Structure formats: structure tokens, C-alpha cells
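Worksheet: one structure, shown below.
The values are calculated or read from the model by the stated rules, or taken from the named source; none is laboratory data. These numbers come from a predicted model, not from an experiment. Neighbour counts are summed over all protein chains in view; Cβ atoms, including those assigned to glycine, are modelled from backbone coordinates with ideal geometry.
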Amino acid sequence: MGHRKDFELLLWIQRLLDLSLPLLTLMWLEGLRHADDPTQPILIALFAGLVYLISAQLLGVYRDWLDRSITAILSLAIKAALIATVLGTLLILSRPLDPIFSLALLIQWFSLFLTLLIGYRILIISLLIGYRRFFRIKKTVVICGQNEIGQQLANMLQTAPWLGYQFNGFLDHQVQSPDPATYDEVFICLPTKEEAQIKHLLNHFANSTKVVRFVPDLFSFDIMQSNYTNLNGIPVFSVFDSPLKSISARLLKRLFDLTFASLILLIIWPLMLLIALLIKATSAGPVFFKQIRYGLDGKEINVLKFRSMSVCENGDHIPQAQPNDPRITPLGRILRSNSLDELPQLINVLKGNMSLVGPRPHAKAHNELYRQLIPQYMQRHLVKPGITGWAQVNGWRGETDKIEKMQKRVEFDLHYIKNWSLALDIRILLLTVLVVLTRKNAR
């Protein structure tokens with residue numbers, strides 16, 4: 001689920017805390033102070049923490065914990081604690097026993113460890129509920145399918161506040177109500193026999209920026225590339241989603257963008273200054289060309305470029321640049337052939353409305369055209385647009401004079417969105433350097 005990914009960083013903090021909890025509780029009981037050699041109890045405590053961590057990982061304690069009942073979360077944590085206790089005790093008994101490891105201390109140690117293990121999980125869930133209520137942070141959702149599974153999901157969403165969802169009603173088969181502006185996510189809960197209606201809904205929401213999740217009873221069509229999880233025992237597939245919907249992933253990508261965009265600007269600012277002076281000296285008009293394009297979630301952003309044409313078109317009809325386009329200035333032709341006109345978009349990256357890597361943003365007029373012609377086109381806006389992208393380094397760069405070319409670009413963009421990783425971003429940046437040097441499809 002999106003909320004599971006949103007708290008991925010919190011899960012890593014839990015892992016670290018769980019690993020150190022046996023040692024912290026032993027220190028609390030002053031076990032180390034009275035030990036003949038503190039090294040032995042420290043190693044035993046760390047061993048117990050490591051065993052708990054491995055056991056918890058294998059049992060699924062850290063998987064989808066926000067999407068389970070409190071009882072299920074605590075039950076798995078207790079099982080992992082029992083395994084760690086048994087193996088830790090066997091380790092203690094397998095070697096000469098330090099005098100501090102009396103039966104009374106072992107009982108106190110286990111009791112305190114278990115109490116804190118359960119207690120801080122309950123505290124986290126309580127704080128999340130309070131935090132979401134105080135700041136009114138909730139994902140509003142609607143359900144397509146007012147059947148048994150749809151009603152079950154709706155009831156669960158309304159009785160599990162720690163999930164951070166707000167149920168906003170059912171959509172009818174005509175997808176008319178409620179207003180799309182009033183919800184963030186869609187759950188499709190239709191039976192597989194209504195395959196045509198399911199496909200209709202998927203096609204409908206493909207032309208939006210909504211997160212769509214499918215709650216199946218059986219597999220009636222190919223959703224094997226979707227991300228699976230469960231919501232309190234109900235199987236759910238994320239049909240239109242991305243790893244970049246995770247808060248930790250967005251923070252990581254943002255840190256990467258800020259670091260490398262800043263470094264690049266520090267290195268190339270003399271070049272950018274020279275380009276600006278040449279533009280001003282060789283043709284009339286502004287140095288920068290600002291064009292409205294769609295960014296994250298389909299919101300409008302102003303994308304910066306060095307002006308390479310004698311015009312600054314930003315209307316409802318914008319002809320794409322073509323070979324020998326008369327609008328392109330002599331200097332602009334040089335800039336475009338080397339992709340130097342794109343350099344000001346590093347400023348967009350610093351501002352936060354673009355990324356170094358992502359689907360290339362298109363002019364507003366082109367967006368409105370292609371969203372009508374290409375299924376899932378608007379799914380490109382599940383993430384920030386980029387200066388370069390997976391489509392560009394795979395040859396789908398430059399003019400898209402045929403609809404098939406844009407379809408291939410969208411195909412590669414969607415692959416990037418579904419399979420994002422920081423390693424993929426680095427790979428794309430390295431490949432971009434090669435593409436620019438070969439000037440492939442530049443115009």
C-alpha cells in the first residue's frame with residue numbers, strides 16, 4: 001500500500017531499535033555494571049537483538065505493518081521475541097555463566113524487553129492516529145463496486161483509523177460521482193465476471209493522476225506487474241503506482257537531485273553565463289524561454305530553457321520543432337544539437353518541480369493532445385518530470401512526428417515509473433552523457 005511505502009523509513013528505524021532493545025533493557029537493569037566482564041553480556045544482548053531482527057523479518061513483522069490489525073502486529077512481534085529469547089538462553093547456557101545471569105535477571109530482562117517491544121509499537125500507532133487526526137492527514141478514497149468485498153473494504157477503512165484513509169463513497173458504473181477532485185485513490189472491487197467494466201474503469205483512470213488499486217477475487221486478466229499487498233487481510237493490487245510514492249524514496253531522490261544539480265551548476269555556471277550573453281547578442285528576445293508544462297500530479301509548472309528560437313510559443317497550438325525549422329536561430333541550432341538549451345532546467349530541479357531523471361515534460365498543448373490518443377499517458381505524471389529519462393536514453397528523443405513514437409516514449413516512461421531505483425537514475429544519467437555526445441535525435 002501507499003501508506004506502507006510512506007513509512008518505509010519508520011520501518012528501518014524500528015529495525016534499528018529492535019536490534020538494540022535487548023542491550024538497552026539489559027543496561028536499564030544495570031546488568032553491565034555488575035558483570036565481571038561487560039563484553040560477554042554485550043555480545044549476548046546483541047546476539048539476541050540480531051536473532052530477533054532476523055526472526056521478525058522472516059515472520060513478516062516489518063511487512064505491511066500499517067495495513068494490519070494491532071493484534072496481528074503484536075502477535076508476530078511476540079513470536080519473534082520468543083524465538084530470540086530461546087536462542088539467547090541457549091547461548092547463555094552453552095558457556096560458563098557470568099554471575100549476573102541469574103534466573104531472576106533473565107525473567108526481568110525478558111519481561112522488560114517484551115513490554116517495551118509491545119509498548120512502543122502501540123505508542124507509534126497511537127501517535128500516528130493522533131498526528132493524522134490533528135493535522136487532518138488522510139488519503140480520501142472511493143470504491144468502485146458496492147458488493148460484498150466493496151462493503152467489507154469500506155467498513156474496514158472506517159474502523160481502522162491508523163491506516164490514514166477516509167472513505168468518500170462508492171462510484172457508480174458511469175464514473176459520475178463523487179467529484180474526482182474530492183478523492184485521491186480508487187479501489188476497484190468488481191467481480192472478475194465484469195471484466196469489461198473493470199477494463200473501462202482502468203482506461204478511464206489511466207487518463208488521470210489518481211492512484212488506482214485493484215481488489216481481486218480471481219485473476220481475470222494480466223495484473224502480474226502490479227504491486228501486491230493486503231489491507232487487514234484483504235488482497236490488494238496497485239495497478240497504477242510507483243516506488244516513488246514512498247516518502248523515503250522521494251526524500252532520497254530529492255537529496256540526490258539537490259546534491260548533483262548544485263554540483264553541476266557550480267561547475268558549468270561560466271558556460272551558462274557565456275550562452276546567455278551570446279543569446280542576447282545574436283537575437284532579439286529574452287535569454288530564457290518559459291513554457292507551461294505539466295509536472296507532478298498533472299499540475300502546471302514553468303519549465304526553463306535557453307531560448308533557441310525566434311519565437312516564444314506557449315499557447316494552445318505549438319508545432320513541434322523539426323529538422324531545418326525556420327524558427328530556430330543559428331545559435332539555437334547549436335544549443336539544441338548539444339542539448340545545451342536544457343541546462344536552465346537545473347534551476348527547476350533546485351526549485352523542486354523537476355528532477356534530474358524522469359519522464360520529459362511536454363508542452364501543455366501536446367499533453368492535451370496525447371492524453372486523448374494514448375492510454376495511460378497521464379500516468380507519466382505520477383512522478384516529477386526530468387531533464388532526461390529512460391525513454392530518451394533508449395532512442396525516443398526529439399521530434400515525435402508519428403503517434404507510434406510517442407507511444408514508445410510513454411511505454412519507456414511507464415517502465416521507469418514502475419521500476420524506479422536510485423541505481424537506475426545513475427545509469428540513466430551516465431547513458432545521457434553518451435547520448436548527448438552522439439547527438440542522437442537532437443534537433
Inset, instruction - Kindly check whether there is at least one residue in region 366-380 that is without any contact (Cβ under 8 Å) to a residue 60 or more places away in the chain and under 24 Å from Ile426 (Cα atoms). - result: yes
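For (1) at pLDDT below 80; (2) buried (at least 19 other Cβ atoms within 10 Å of the Cβ); (3) under 24 Å from the mean Cα position of the chain (by Cα), each residue gets a yes or a no:
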position	(1), (2), (3)
Phe113	no, yes, no
Leu116	no, no, no
Arg136	yes, no, yes
Thr140	no, no, yes
Glu148	no, no, no
Ala154	no, yes, no
Inset, instruction - Could you look through region 297-328, keep only residues that are modelled with pLDDT of 85 or more and touching a strand residue (DSSP E or B) at 6+ places or on another chain (Cβ under 9 Å), and pick out the one that is farthest from Lys351 (Cα to Cα)? - result: Arg307
Legend entry - In region 236-288, residue modelled with the lowest pLDDT [restricted to those that are over 30 Å from Arg333 (Cα atoms) and in contact with a Pro (Cβ under 8 Å, 6 or more places away or on another chain)]: Phe237
Legend entry - Cβ pairs under 9 Å, 6+ apart, first in region 247-265 and exposed (fewer than 14 other Cβ atoms within 10 Å of the Cβ) and among the aliphatic types (A, V, I, L, M), second in a helix (DSSP H, G or I) and at pLDDT below 90: Leu251/Leu9
Inset, instruction - Report the residue count in region 271-300 for those that are part of a helix (DSSP H, G or I) and either outside the structural domain of Tyr377 (by TED's automatic domain parsing) or not small (Gly, Ala, Ser) (or both). - result: 12
Inset, instruction - Could you check Ser339 against (1) at pLDDT 85 or above; (2) more than 26 Å from Leu201 (Cα to Cα); (3) polar (S, T, N, Q) and say which number it fails? - result: (1)
Legend entry - Check on Tyr131, under 34 Å from the mean Cα position of the chain (by Cα), assigned to a loop (DSSP other than H, G, I, E, B) and modelled with pLDDT under 85: no
